[in-house]
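Trainee: This is the structure, below, for whatever I ask next.
The values are calculated or read from the model by the stated rules, or taken from the named source; none is laboratory data. Just so we're clear, the structure is a prediction, and the values are computed from it rather than from any experiment. Using ideal geometry, Cβ is built from the backbone for each residue, glycine included, and neighbour counts are taken over all protein chains shown.
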Amino acid sequence: MPAAVRHAGWTRATTFTVLGIAFSYALSLGARAGLGYDPVLDGEAVLQISLVTVPFFFLVGLGLFDYWGYYMSGRPTRPEDHSGHGAKSWKSYLYPNTDHKVIGIQYTVLSFFFLFVGGLFAMLIRAELAQPGRQFIDANTYNGVFSVHASILIFLFIIPVFAGLANFVLPLMIGAPDMAFPRLNALSFWLLPIAGVMMLGSFFAPGGSFASGWTAYAPLSDSAPIGQVFFTIGVQFAGASSIATALNFLVTIITMRAPGMSFFRMPLLVWANFSTSLLVVIATPFVAASQFFVLLDRALGFNFFDHGQGGDVLMYQHVFWFYSHPAVYIMMLPGFGIISEVLAVKSRKPIFGYRMMAFSLLAIVALGFTVWAHHMFVSGMQNWIRVPMMITTAIIAVPTGIKIFSWLATLWRGVLRLDTPMLFALGFLTMFTLGGISGVMLAMIPITIHVSDTYFIVAHIHYVLFGGSLFTIFAGVYYWFPKMTGRMYDERLGKLHFWLTFIFFNATFAPMHLIGLDGMPRRVADYADKYAGWNLAISLASFGLGLSTLIFAYNIIASWRGGPRAVGNPWRGLTLEWQVSSPPPVFNFDAIPTVVGGPYEYGVPGAVHGVFADQPPPVVAAGAPAAKTPTDE
Amino acid sequence: MAVDSRSRTSRRTIVQMVVVGTLASIIGVLWGLYIDWFPVQGSTQARKIDDLWDLMIAFAVPVFVLVVTVVLFAVKEFRMRPGEENLDGPNIHGSTKLEIVWTTIPAVIIFILIGYAATILSDIEAAPANAAQELKVDVYGQQFAWTFKYTGADGKPINTTRLYLPEGQSVKFNVHSKDVIHDFWIPAMRMKIDAVPGVTTSYRITPIRVGSYPVVCAELCGLGHAVMRQTAYVMPPAKFNAWLASKSASAAAPAAGGGGSAAAAPAAIDAKAIFTKGNGESVACGSCHQLAAAGTPAGGIGPDLDKVLAGKDAAFIKTSIVDPQAEIAKGYPPNVMPPNFGQTLKPAEIDALVQYLVKSTRK
């Protein structure tokens, strides 16, 4: 056997993938022949087995299970000599790597690829909706496009991009050399492209892509064409990735903090990821369960959701939302962390009410598990569940309000540096408030009875996930861009990107509140003529929004290739990641830092967050950031 | 890292901010109350829900204005000016007093809203004082049409795809599904509920305005979800009762084919109109099917009739309309086309439609 096939890598991965397909055929043919089924070759059976098994063949081929395989079989394991740490060239990112900084960039770049794919689907949706009637795509494709749009952006953009940013930044922030389980970390990342390939590949399935929405309500999903299975199984891989990463974050945060970093000296980004990880490990198994039920129903006729056979249709929704409501906080809390970092540094003030900020995160985690049925106010579930769920849902506004007001107080009397990350942070503050307000309205059962499943919901979710999550992601990417790449981005283009995004975002999503209240249902390729005017306006604005992201893409790519070199601490930040070079050394810290104070002691001359044993307290970059940094305003 | 010694938060700034915020809130609330957000108020329930919305606006606008005003004033007052690159803000860590304020006030507001919403909820779901007079309608959702079942004067069921409702009388809908989950929604009435297989769900409305209103399926139910739209007609009680009586009479008449007396009058039937718009009871063929002669576009929900009907005879077309499952066009899933055209179209209409289709698809 040639060495390329024996050694972990893409050649072996390809070979194993082919083997996996052969295995699926063999298993299916063998089992059906043995049981006397006719016909012996059933394409759908082979496809479903392949979707489950081939990814594992691929991952083994890529070498992600090598160490554990050696260990379990009693062969001598290769001790980690860290020779694979760091990226030697862009090609290093195409292979499994155990360095959290490499994995962080792999995660972030892959997620942004999916942002653009998901965004293109949005453009297709808006093109179809620009006029009533059907123009570009037929009803089946349309249902597939919006289902894939949501699935991709939720499972392959927002959730993993936060994991990616935190992967890069969090170990640095707590003074750790890496994550607690680097090999598991690598595996978590490589599960994602599998989920992505499945969701996009579903368009090539006979009968088209999965078309029952990202919610995949049974029994519609039970009886859908084979494309549905691409979602059902794809979600398992994305979910497994999230769970593994969350465990990794939890163990890393609990056990690997630098000496002196008590829980209440942790930066709020660390608190946010701690809270998010708790949510993920408790909630994500439920979405896995809901999709396994559908898979068993569909593939093996289990009748979980077939009421004619004693199944319970509403059970699907309960299990699904028990994950998918906390998932909204999984997609929001890490963003809260990013905003806290950006606002403290860019306002030059400590976060107002730090402890309450941490406690409110934990309150959201706890309350987040008590509100799921507010997605089901019109589902026909037992009536008595509604009012308790309305109360818990509305109460979540209180800890969220504490966060908003504390951020506002952080701004007050600061010295606000209005550069790109700060603009996105302020944009987030206002837009997320709007999403939160429509959220409180939606908690009120009588309002939801009218607006559920309308464009009002579409508007609300986009104010939360675009105006909320995506704005924090942009803020975070611009903020840590110098640290991650060692280059500065173009400030002028960054600001242009912000303003265009902010304007077109509102022009796109604000009118959706109106047409939703006026009676336009969501998830329709065609609509009554009276909504035509607004829909055309929304579509035009959405194309502007789509184009504005190209500025971001250009800025990031061009700056990464040839932007001015970044200094270690361009923002005069106190947290530990800014005390090392940009990009950080291969092992993060030459000496483990000792934390001696809070993370945001701005306004105290000479204050530091951590000191390094063998050197004097670091000198914060004096004056304006390095001379090459473009000036603001 | 000099600390900012500017004491810029003068009283004047705070006063300005309060004035601007209050003015903006008042204008915002008035504007919010002035905007006509909803479709016409078609039921007593609609009035109550719209009232709750107004209360939400009255609280929501000031909260949003507060956040925006503080952000804008902070930017105006405290933005870094040239020469301040090394300045820090004051080392303020918090204020227990403020934190108590902004925990308590939102909590109080939340509980006011919850209390009001719970009251409204019990109002809009309350049974009428005279429960015996309530009209009960069974609603059946199926891919992709609604059917309504009334009880006639003689106790026999009356099935129709046209929803007729009496003005001023409480109506209770018992909602069922024959296949997947649908959602029965009349936006003008504000109420909706899912149609769930195996479960009977319900809600009640009291229509208050004569007119016709769209009926919409609000829960994604498959290919034809977007076209699962019908019409509800609210009419004066006397007219409604007359309609119900006439329906009972025609249902009781000997099984001449459901069409009854209307079929006897050989009024010219516009088959093309039935194809593109339906007859008022039936779903329009053109919502799902492409047909060049009728000018209906490609939808992908149902097969292109120019193709699948080419060279077919009248008998095949008639079977395909009244019993769509008899033969499914290649590449299309079963159980998509509503099986109720035999009931919703009169025999004469079916015949006219068949003739029209034979003519239109002949090459």
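Trainee: Does the range A:1-58 hold any residues that are among the small types (Gly, Ala, Ser), in contact with a helix residue (DSSP H, G or I) (Cβ under 8 Å, 6 or more places away or on another chain) and farther than 28 Å from A:Gln291 by Cβ, and which are they?
Mentor: Those that are among the small types (Gly, Ala, Ser), in contact with a helix residue (DSSP H, G or I) (Cβ under 8 Å, 6 or more places away or on another chain) and farther than 28 Å from A:Gln291 by Cβ: A:Ala4, A:Ala8, A:Gly9.
Trainee: Moving on to the next point. Just to verify a result, which residue in the range A:385-410, among those that are free of Cβ contacts under 8 Å to residues at least 24 places away in the same chain and more than 9 Å from every other protein chain (Cβ to nearest Cβ), is farthest from A:Tyr354 (Cα to Cα)?
Mentor: Looking at the filtered set, the residue picked out is A:Ile385.
Trainee: Something else now. I'd like the full set of residues that are in a helix (DSSP H, G or I) and away from chain B (no Cβ under 14 Å), limited to the range A:300-320.
Mentor: Result: A:Leu300, A:Val319.
Trainee: Based on this model, can you work out whether B:Ile110 counts as within 30 Å of B:Ile49 (Cα to Cα) and crowded, with 18+ Cβ neighbours inside 10 Å?
Mentor: yes
Trainee: For the range A:411-431, how many residues are more than 9 Å from chain B (Cβ to nearest Cβ) and not in a helix (DSSP H, G or I)?
Mentor: Residues meeting the conditions: 1.
Trainee: Does B:Ala131 fit the bill of being of a type outside the set (Asp, Glu) and more than 30 Å from B:Gln343 (Cβ to Cβ)?
Mentor: yes
Trainee: Quick check, is A:Val458 modelled with pLDDT of 95 or more and more than 9 Å from chain B (Cβ to nearest Cβ)?
Mentor: Against the criterion (modelled with pLDDT of 95 or more and more than 9 Å from chain B (Cβ to nearest Cβ)), A:Val458 qualifies.
Trainee: Ok, one more. Hey, among A:Trp571, A:Trp578, which residue is in contact with a Lys or Arg (Cβ under 9 Å, 6 or more places away or on another chain), farther than 30 Å from B:Cys288 by Cβ, touching a residue at least 40 places away in the same chain (Cβ under 8 Å) and part of a helix (DSSP H, G or I)?
Mentor: Step by step, each of A:Trp571, A:Trp578 is checked, and only A:Trp578 is in contact with a Lys or Arg (Cβ under 9 Å, 6 or more places away or on another chain), farther than 30 Å from B:Cys288 by Cβ, touching a residue at least 40 places away in the same chain (Cβ under 8 Å) and part of a helix (DSSP H, G or I).
Trainee: Got a sec? Which of A:Ala224, A:Ala195, A:Ala218, A:Ala211 is crowded, with 24+ Cβ neighbours inside 10 Å and at pLDDT 95 or above?
Mentor: A:Ala195 is the lone residue from the list that is crowded, with 24+ Cβ neighbours inside 10 Å and at pLDDT 95 or above.
Trainee: Which of the residues spanning the range B:204-234 are of a type in the set (A, V, I, L, M) and either touching a His at 6+ places or on another chain (Cβ under 6 Å) or within 12 Å of chain A (Cβ to nearest Cβ) (or both)?
Mentor: B:Ile205, B:Val215, B:Val216, B:Ala218, B:Leu220, B:Leu223, B:Ala226, B:Val227, B:Met228
Trainee: Also, quick follow-up: Is it the case, given these coordinates, that A:Tyr531 is aromatic (Phe, Trp, Tyr), outside any loop (DSSP other than H, G, I, E, B), surrounded by fewer than 22 Cβ atoms within 10 Å (Cβ to Cβ) and within 14 Å of chain B (Cβ to nearest Cβ)?
Mentor: Yes.
Trainee: Can you pull out the residues in the range A:335-373 that are in a helix (DSSP H, G or I) and hydroxyl-bearing (Ser, Thr, Tyr)?
Mentor: Once the filter is applied, which keeps residues that are in a helix (DSSP H, G or I) and hydroxyl-bearing (Ser, Thr, Tyr), the range A:335-373 yields A:Ser340, A:Ser347, A:Tyr354, A:Ser360.
Trainee: Right, next: For the range A:541-572, give me the residue count where each residue is within 25 Å of A:Phe121 (Cα to Cα) and either among the hydroxyl-bearing types (Ser, Thr, Tyr) or within 14 Å of another protein chain (Cβ to nearest Cβ) (or both).
Mentor: 4
Trainee: Now for a different question. Would you call B:Asn130 modelled with pLDDT under 90 and exposed (fewer than 15 other Cβ atoms within 10 Å of the Cβ)?
Mentor: In short, yes.
Trainee: For the range B:15-32, check the following and say yes or no: at least one residue is at the interface with chain A (Cβ under 10 Å from one of its Cβ atoms) and over 26 Å from the mean Cα position of the chain (by Cα).
Mentor: No - not one qualifying residue is present in the range B:15-32.
Trainee: Checking the structure you have, find out if any residue of the range B:99-107 is of a type outside the set (Lys, Arg), more than 9 Å from chain A (Cβ to nearest Cβ), in a loop (DSSP other than H, G, I, E, B) and out of contact with any helix residue (DSSP H, G or I) (no Cβ under 6 Å at 6 or more places or on another chain).
Mentor: No: zero hits.
Trainee: Next question, about the same structure. Of the residues B:Asp54, B:Asp36, only one is at pLDDT 95 or above, assigned by TED's automatic domain parsing to the domain that holds B:Ile112 and either under 33 Å from the mean Cα position of the chain (by Cα) or more than 23 Å from B:Arg12 (Cα to Cα) (or both); which?
Mentor: On inspection, the qualifying residue turns out to be B:Asp54.
Trainee: Just need a number here: residues in the range B:58-68 that are surrounded by 20 or more Cβ atoms within 10 Å (Cβ to Cβ) and more than 7 Å from chain A (Cβ to nearest Cβ).
Mentor: Total meeting the criteria: 2.
Trainee: May I ask you to verify whether A:Phe237 is part of a helix (DSSP H, G or I) and either among the acidic types (Asp, Glu) or within 14 Å of chain B (Cβ to nearest Cβ) (or both)?
Mentor: no
Trainee: Do we find that A:Phe320 is touching a Gly at 6+ places or on another chain (Cβ under 6 Å) and surrounded by 21 or more Cβ atoms within 10 Å (Cβ to Cβ) in this structure?
Mentor: no
Trainee: Being of a type in the set (Val, Ile, Thr), at the interface with another protein chain (Cβ under 9 Å from one of its Cβ atoms) and farther than 15 Å from B:Ile205 by Cβ is the filter here, so list the residues in the range B:110-150 that pass it.
Mentor: B:Ile110, B:Ile114, listed by residue number.
Trainee: What are the residues in the range B:311-363 that are part of a loop (DSSP other than H, G, I, E, B), over 23 Å from A:Gly207 (Cα atoms) and either modelled with pLDDT of 80 or more or touching a His at 6+ places or on another chain (Cβ under 6 Å) (or both), if any?
Mentor: Within the range B:311-363, B:Lys312, B:Asp313, B:Asp323, B:Leu345, B:Lys346 qualify.
Trainee: Please specify each residue of the range A:348-383 satisfying the condition of being within 28 Å of A:Phe456 (Cα to Cα), at the interface with chain B (Cβ under 9 Å from one of its Cβ atoms) and of a type in the set (Val, Ile, Thr).
Mentor: A:Val378
Trainee: Now for a separate question. May I ask you to list the residues in the range A:588-611 that are in contact with an Asp or Glu (Cβ under 6 Å, 6 or more places away or on another chain), more than 24 Å from A:His100 (Cβ to Cβ) and either surrounded by fewer than 21 Cβ atoms within 10 Å (Cβ to Cβ) or more than 14 Å from chain B (Cβ to nearest Cβ) (or both)?
Mentor: Selection gives A:Ala607 alone.
Trainee: Restricting attention to the range A:129-147, does a residue exist that is under 22 Å from A:Gly234 (Cα atoms), at pLDDT 95 or above, assigned by TED's automatic domain parsing to the domain that holds A:Gly196 and surrounded by fewer than 19 Cβ atoms within 10 Å (Cβ to Cβ)?
Mentor: no
Trainee: Residues A:Gly435, A:Gly467: which one is closer than 18 Å to B:Pro106 by Cβ and in contact with a helix residue (DSSP H, G or I) (Cβ under 6 Å, 6 or more places away or on another chain)?
Mentor: A:Gly435
Trainee: Is the range A:331-341 home to any residue that is within 14 Å of chain B (Cβ to nearest Cβ) and of a type in the set (Phe, Trp, Tyr)?
Mentor: No, the range A:331-341 contains no residue that is within 14 Å of chain B (Cβ to nearest Cβ) and of a type in the set (Phe, Trp, Tyr).
Trainee: Among the residues of the range B:167-184, write down those that are farther than 20 Å from B:Tyr150 by Cβ and either basic (Lys, Arg) or out of contact with any helix residue (DSSP H, G or I) (no Cβ under 8 Å at 6 or more places or on another chain) (or both).
Mentor: The answer is B:Asp179, B:Val180, B:Asp183.
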